[in-house]
Amino acid sequence: MMKDAILENRKSYCEVVAFRVSDQDFCFDLTSVREIRGWTETTMLPHAQPYVKGVINLRGSVVPVVDLSERLGLGATEPGPRNVIIITVLGQRTVGLLADVVSDILTVSETDIQPIPDIIDDGVRRFISGVLLVEGRMIRKMDLEMIIPTDGRSAG
Amino acid sequence: MSGADDFRESFFEECEELLEAMHDGFDQLSEGADDVETMNAVFRAVHSIKGGAGAFGFSELVAFAHDFETALDQVRSGKREADEELLELFRQCGDNLSDLVALARDHGDTPCDGSGALRDRLTEAIGADAVAKAQAEPDFEPVLLDLGIDAPAAAAERHYLIRFEASPGLFATGNDPVALFRTLAKLGDLRVTADLAAVPPLASLDPVACAISWQLSLETADSEAQLREVFEFVEGDCVLDLAEQASGAAAPEEPVALDAPAEMTLPSLASLISDADEAGADSGAAESPEDGAEVDDTAGADPNPARKAAEQAKPAGTIRVHLDKIDKLINLVGELVIKEAMLSQSVAGLAQAKDSDVTVGLESLKQLAGEIQEGVMAIRAQPVKPMFQRMARIVREAGSATGKRVRLVTIGEDTEVDKTVIERLVDPLTHMIRNAIDHGLESGEARAAAGKSPEGTVTLTAAHRSGRVMIDVADDGGGINREKVRALAIERGLIGESDTLSSAEIDNLLFLPGFSSKDEVSELSGRGVGLDVVRSEIHNLGGRVSIQSDPGEGTTFSISLPLTLAVLEGMVIRVADQTMVVPISAIQETLQPKTATIDVIGAGTRVLQNRSGLVPIIDLGGFFGFRAPPDRLDDQVLLLIETYSNQRFALIVDEIQDQRQVVIKSLETNYQQVGGVAAATILGDGRIALIIDPDRIIRDSGPIGASDMSFQLAV
């Protein structure tokens, strides 16, 4: 795994981008992030999963936008100019993730990542690979592979 | 891909060109061009294919090409007259050669069934003696091409003056002047003098920049082209002046330029350049008249390398570019055009005065962007000629299979069409031509009885018309026998006995699946593939096909195609607050529901009464799940759609906004296929609009589309 290799190279330190979705803190590897942009109106896709907000034009590419809140079962986002789309690259695909706000870019050690406490609601839990405690805040580390399955094109 | 594969690929690319040249030559010869040059061109093409094939070890190809070439040589050297019969044999051999090349490309060295028989016929035609003699001669060896380099020094020694000035970046490309000079030294007596005038003082010396220039004087038997070959890899990284000293003039002991480089360089350069020009012109002019005589006695070897070099030096050549590169460029230009449109829109929003600098500047930018787009699209465009040549072969084969004499006339061979379109047009066109010969043309006796020439004519025409490509396949046969077509359609249950159909409607019955107009299915065109497949293929390319037939005069199939597959002519519509694009090729007409007759069947299924029957109505917004189907249609617009499978339906949309060319973007790259959506595009405001797929819509609309009224609608 590339991620592992990077972690090893940096002596098990890695950078993550932290953001908020429905008042909860999440993060994932910075290496997956291509850019962060403001909310732009999407074009609706027929018969799409409810969490697929539609597609946007990213410099000529047609990029789908996933509403993270809806995906995590935290309710649909009513996107406005304050929302952000985190453009991520996963395998061969580029996907936009709709979040409330990007809060930080953090350097964390592998050892900072703790297993998920049992109390976390099951709906969210399957999308999370661990939690970080940073200055008293709990940041959930998101498993992108679960958010956007790379095998089987129907992101279910 | 390894280097060997690269070479192999370029060999086959070259073969395509050579085969094209060969077929061209045959065409000219059969039109009565009896000049040596045409025959030579054919001979050279076959010969080059043989040479390349030898290098790659395609022994079957080499063996056949060798016999073919021997026969051609007999004609070329005047030992045998090229009568019609022989020409026909040559054509067949040409076809077989094309087959062998294709076989070699796809399956490596494979024997081809026809080769043996054709070789026997060739031998018979030109006499066994000639073959035996040719076989006794050494077989072709590609190495011989370089013959000149180690040729005996019998030729007069020539004296060259070379000035070589390396560009500062020469070393960075891995080249070393010393190696070049060593190579030159092998060619003859070489003297080298370095000019160190430009070398800076040590303090400011850049060790990786070459600041030295050299004067070389070489006495050799080799031609200037061969000397230039030595410098081939440093071309562009140096200033090279190469000139031959008049052979009579004694070589100066010390090249003049050396003593006083600063003063002398310019004038001597100028004279060197003009010398070189003259030399080039001389060699070019000298080659052609010699052609006939020169190649005669070189049955095995290529004409001398100098001439080859001269040919390569011809200006206005072509380059091979990988399609990916062009497609990337096309994409980028598409972006440019979109960005420009976006900019125009935002400037328009600023309420600038019409003649302000910004508006004027934008206007010219728009024009430029448009021109660039056209130019880039033109790169992908290829003349239809090679495809037409392939058709010539189909005509020959179909003619001999049916026992009809057929002549193919091609018009507009230079018409350029997108490469992908051409490739995908081969199959439908092949089918239509076979169809024209098998079903369209009458037999020789019938033609004679009708007072026509016993030789039938199939005319293939390509032309550009109002931004589209028109390709016509016309025969001068008996025209469509409408009585028979009608009877057959009734027999197959495609139409009712009491149905009254116009002539055009009867003609269009030919496109229905499972229709074959010949009583017995013939081996040639009746292979279960009907004109319906042709039609769907053409529709897939965004084109349409129509028939025009006059009894006794013949039938013309007209194909209308878009110039490219990268853009699409679309109608921009609004439905349920979404902007979408409907391909224009699918839209037959637009209707106001107010003026149309609409009936309701069952629970809210609407149908439209139309000249051709009842047409189901589908709400686009409802189909995509964006809204419930509207109760009233008064404010909506109906688009009457015909799919490639000839199904008709009407689409409810809210409003028609525009008709324009849109750039096609894939949805699947980052997402997935979406039912009823063919692709996406980016509109002038930067937003994405979906391009709908009418065929999927009717297919996914369930029982409405599949209802039993469809056969009637399909007419």
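Of the conditions (1) under 20 Å from B:S10 (Cα atoms); (2) within 27 Å of the chain's Cα centre (by Cα); (3) surrounded by fewer than 22 Cβ atoms within 10 Å (Cβ to Cβ); (4) among the small types (G, A, S), B:A53 clears all except one; give me its number.
The one condition B:A53 does not meet is (3).
Could you tell me which residue of the stretch B:633-671 is nearest to B:V582 (Cα to Cα), considering only residues that are aromatic (F, W, Y) and over 29 Å from the mean Cα position of the chain (by Cα)?
B:F649
Among residues belonging to the stretch B:599-643 that are at pLDDT below 80 and closer than 20 Å to B:L690 by Cα, point out the one that is surrounded by the fewest Cβ atoms within 10 Å (Cβ to Cβ).
The selected residue is B:P629.
Among the residues of the stretch B:321-371, write down those that are of a type in the set (D, E, K, R) and either over 20 Å from B:V567 (Cβ atoms) or in contact with a strand residue (DSSP E or B) (Cβ under 9 Å, 6 or more places away or on another chain) (or both).
Within the stretch B:321-371, the subset of a type in the set (D, E, K, R) is B:324-325, B:327-328, B:335, B:339-340, B:354-355, B:357, B:363, B:366, B:371.
Matches in the stretch B:321-371: B:E335, B:K354, B:D355, B:D357, B:E363.
What's the total number of residues in the stretch B:623-660 that are over 27 Å from B:S536 (Cβ atoms) and within 14 Å of another protein chain (Cβ to nearest Cβ)?
Going through the stretch B:623-660 one residue at a time, the tally reaches 3.
Using the structure shown, decide if B:V663 is facing chain A (nearest Cβ under 9 Å) and farther than 20 Å from B:K339 by Cβ.
Details: facing chain A (nearest Cβ under 9 Å): yes; farther than 20 Å from B:K339 by Cβ: no.
Taking the combined requirement at face value, the residue does not satisfy it.
Every residue in the stretch A:59-69 that is assigned to a strand (DSSP E or B) and at the interface with chain B (Cβ under 9 Å from one of its Cβ atoms), please. Steps first, please.
Taking the stretch A:59-69 as the starting set, the residues that turn out to be assigned to a strand (DSSP E or B) are A:61-67.
Selection gives A:S61, A:V62, A:V63, A:P64.
Return the residues of the stretch B:438-478 that are part of a helix (DSSP H, G or I) and within 24 Å of B:H539 (Cβ to Cβ); say none if nothing qualifies.
Once the filter is applied, which keeps residues that are part of a helix (DSSP H, G or I) and within 24 Å of B:H539 (Cβ to Cβ), the stretch B:438-478 yields B:D438, B:H439, B:G440.
B:D619 is checked against (1) away from chain A (no Cβ under 14 Å); (2) among the charged types (D, E, K, R); (3) touching a strand residue (DSSP E or B) at 6+ places or on another chain (Cβ under 6 Å) and fails just one. What number does that condition carry?
So B:D619 meets the others, but not (1).
Give me the pairs, please: first residue somewhere in the stretch A:118-140 and under 15 Å from A:R20 (Cα atoms), second residue anywhere and at pLDDT below 70, beta-carbon distance under 9 Å, and either six or more positions apart or on two chains.
A:I128/A:I120; A:V131/A:I120; A:R140/A:I120
Residue check: is B:V46 at pLDDT 85 or above and buried (at least 20 other Cβ atoms within 10 Å of the Cβ)?
Judged against the criteria, B:V46 is a match.
Checking A:V102 against (1) within 14 Å of chain B (Cβ to nearest Cβ); (2) in a strand (DSSP E or B); (3) out of contact with any Asp or Glu (no Cβ under 7 Å at 6 or more places or on another chain), which single condition isn't satisfied?
Exception for A:V102: condition (1).
Tally time: how many residues in the stretch B:568-615 are within 14 Å of another protein chain (Cβ to nearest Cβ) and over 16 Å from B:L639 (Cβ atoms)?
1
Output the residues belonging to the stretch B:207-240 that are on the phi < 0 side of the Ramachandran plot and assigned to a loop (DSSP other than H, G, I, E, B).
Hits for the stretch B:207-240 are B:P207, B:V208, B:A209, B:C210, B:A211, B:I212, B:A221, B:D222, B:S223, B:F231, B:E235, B:D237.
Here is a check on your reading of the model: is B:D658 surrounded by fewer than 16 Cβ atoms within 10 Å (Cβ to Cβ) and in contact (Cβ under 8 Å) with a residue 12 or more places away in the chain?
yes
Residues that are surrounded by 13 or more Cβ atoms within 10 Å (Cβ to Cβ), closer than 27 Å to B:S443 by Cβ and modelled with pLDDT under 80: does the stretch B:492-501 have at least one? Step through it out loud before you land on a result.
At the first step, the residues of the stretch B:492-501 found to be surrounded by 13 or more Cβ atoms within 10 Å (Cβ to Cβ) are B:492, B:494-495, B:499, B:501.
Now drop any that are not closer than 27 Å to B:S443 by Cβ, which leaves B:492.
Narrowing further to those that are modelled with pLDDT under 80: B:492.
Taking every residue of the stretch B:492-501 in turn, at least one turns out to be surrounded by 13 or more Cβ atoms within 10 Å (Cβ to Cβ), closer than 27 Å to B:S443 by Cβ and modelled with pLDDT under 80.
Checking the structure you have, find out if any residue of the stretch B:431-445 is loosely packed, with under 14 Cβ neighbours inside 10 Å and under 28 Å from B:S560 (Cβ atoms).
no
Do you know which of the residues in the stretch B:467-496 that are of a type in the set (G, A, S) and farther than 16 Å from B:D418 by Cα is farthest from the chain's Cα centre (by Cα)?
Within the stretch B:467-496, the first condition is being of a type in the set (G, A, S), and the residues that meet it are B:467, B:474, B:477-479, B:487, B:489, B:493, B:496.
Okay, now just the ones that are also farther than 16 Å from B:D418 by Cα, so B:474, B:477-479, B:487, B:489, B:493, B:496.
Working: B:A474: 23, B:G477: 30, B:G478: 33, B:G479: 32, B:A487: 42, B:A489: 39, B:G493: 42, B:G496: 45 Å.
Here the answer is B:G496.
For the structure I just gave you, tell me whether B:A463 is in contact with a strand residue (DSSP E or B) (Cβ under 7 Å, 6 or more places away or on another chain) and within 13 Å of B:T555 (Cα to Cα).
Here the answer is no, as B:A463 does not meet what is asked.
Would you mind stating whether A:R34 is more than 16 Å from B:A680 (Cα to Cα), within 14 Å of another protein chain (Cβ to nearest Cβ) and out of contact with any Lys or Arg (no Cβ under 7 Å at 6 or more places or on another chain)?
In short, yes.
Answer with yes or no whether B:I338 is within 14 Å of chain A (Cβ to nearest Cβ) and either modelled with pLDDT under 75 or more than 22 Å from the chain's Cα centre (by Cα) (or both).
Answer is yes for this residue.
Can you pull out the residues in the stretch A:70-91 that are free of Cβ contacts under 8 Å to residues at least 24 places away in the same chain and either within 13 Å of chain B (Cβ to nearest Cβ) or surrounded by 19 or more Cβ atoms within 10 Å (Cβ to Cβ) (or both)?
Start the filter on the stretch A:70-91 by keeping residues that are free of Cβ contacts under 8 Å to residues at least 24 places away in the same chain, which leaves A:70, A:78.
Scanning the stretch A:70-91 gives a single hit, A:E70.
Which members of the stretch B:589-598 meet the condition of being surrounded by 15 or more Cβ atoms within 10 Å (Cβ to Cβ) and in contact (Cβ under 8 Å) with a residue 40 or more places away in the chain?
Passing the criteria: B:T590, B:L591, B:P593, B:A596.
Can you tell me which residue is surrounded by the fewest Cβ atoms within 10 Å (Cβ to Cβ) among those in the stretch A:37-57 that are more than 10 Å from chain B (Cβ to nearest Cβ) and within 20 Å of A:L72 (Cα to Cα)? Spell out the reasoning first.
Applying the first criterion (more than 10 Å from chain B (Cβ to nearest Cβ)) to the stretch A:37-57 yields A:37-39, A:49-51, A:53.
Filter once more, keeping what is within 20 Å of A:L72 (Cα to Cα): A:39, A:49-51, A:53.
On the way: A:W39: 19, A:Q49: 15, A:P50: 9, A:Y51: 19, A:K53: 25.
The extreme case among them is A:P50.
Please go through (1) in a loop (DSSP other than H, G, I, E, B); (2) at pLDDT 70 or above for B:A155 and return the number of the only condition it doesn't satisfy.
It fails just one condition, (2).
Here are A:T107, A:T94: which of them is in contact (Cβ under 8 Å) with a residue 40 or more places away in the chain, away from chain B (no Cβ under 14 Å), surrounded by fewer than 21 Cβ atoms within 10 Å (Cβ to Cβ) and more than 13 Å from A:I147 (Cβ to Cβ)?
Details: A:T94 fails: away from chain B (no Cβ under 14 Å).
Exactly one of A:T107, A:T94 is in contact (Cβ under 8 Å) with a residue 40 or more places away in the chain, away from chain B (no Cβ under 14 Å), surrounded by fewer than 21 Cβ atoms within 10 Å (Cβ to Cβ) and more than 13 Å from A:I147 (Cβ to Cβ), namely A:T107.
The values are calculated or read from the model by the stated rules, or taken from the named source; none is laboratory data. Just so it is clear, the model here is predicted, and its values are computed rather than measured. Cβ atoms come from the backbone with ideal geometry, glycine included; neighbour counts cover every protein chain shown.
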